[in-house]
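Q: I'd like to ask you about the structure that follows.
The values are calculated or read from the model by the stated rules, or taken from the named source; none is laboratory data. Worth saying up front: this structure is predicted, and the values here are computed from it rather than measured. Cβ atoms come from the backbone with ideal geometry, glycine included; neighbour counts cover every protein chain shown.
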Amino acid sequence: MAAEITWNIPTVERNLSNGGITVIHWLCQGVDGDHSWDAVGSTSHTPDADADGFIAYDSVTEANCITWAKAQLDVDAIEAGVTAGVAKMVTPTTATGQPWA
């Protein structure tokens, strides 16, 4: 089974003067059964309150933020890394321990 990938926005930062979002903190998580792997990061934004399509903080949705963050990211590479991380957990190729213990 392949990892199920989800994107979430744990928090954002905004300008108090105009409600424009300036930083989006994102989380990309892959889950396969009991195994999960996360990639996290943030993207910077320069909102223009006078621009067409500006959405102030009180009206922004998580979907808006995911779209804005993904526009600045190599989504395929992030999701591939998360998928590979989960796969390593599901089918490990290395282990630790003490053979004398």
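Q: Applying the selection to the range 15-31, what residues are touching a helix residue (DSSP H, G or I) at 6+ places or on another chain (Cβ under 7 Å) and at pLDDT below 95?
A: G19
Q: Can you say whether I55 is under 30 Å from I21 (Cβ atoms) and either in contact (Cβ under 8 Å) with a residue 60 or more places away in the chain or in contact with a helix residue (DSSP H, G or I) (Cβ under 8 Å, 6 or more places away or on another chain) (or both), as far as the supplied structure shows?
A: Answer is yes for this residue.
Q: While we're here: Name the residues in the range 27-58 that are aliphatic (A, V, I, L, M) and over 30 Å from G85 (Cβ atoms), would you?
A: Those that are aliphatic (A, V, I, L, M) and over 30 Å from G85 (Cβ atoms): A49, A51, I55, A56.
Q: Continuing with the same structure: Name the single residue that is surrounded by the most Cβ atoms within 10 Å (Cβ to Cβ) among those in the range 32-46 being assigned to a loop (DSSP other than H, G, I, E, B) and modelled with pLDDT of 95 or more.
A: H45
Q: From the list A80, A63, which one is farther than 14 Å from Q29 by Cα, among the aliphatic types (A, V, I, L, M) and either part of a helix (DSSP H, G or I) or in contact (Cβ under 8 Å) with a residue 12 or more places away in the chain (or both)?
A: That would be A63, the only listed residue that is farther than 14 Å from Q29 by Cα, among the aliphatic types (A, V, I, L, M) and either part of a helix (DSSP H, G or I) or in contact (Cβ under 8 Å) with a residue 12 or more places away in the chain (or both).
Q: Here is a follow-up. Go through the range 1-17 residue by residue and tally those that are part of a loop (DSSP other than H, G, I, E, B) and either surrounded by 17 or more Cβ atoms within 10 Å (Cβ to Cβ) or in contact with an Asp or Glu (Cβ under 9 Å, 6 or more places away or on another chain) (or both).
A: Count: 3.
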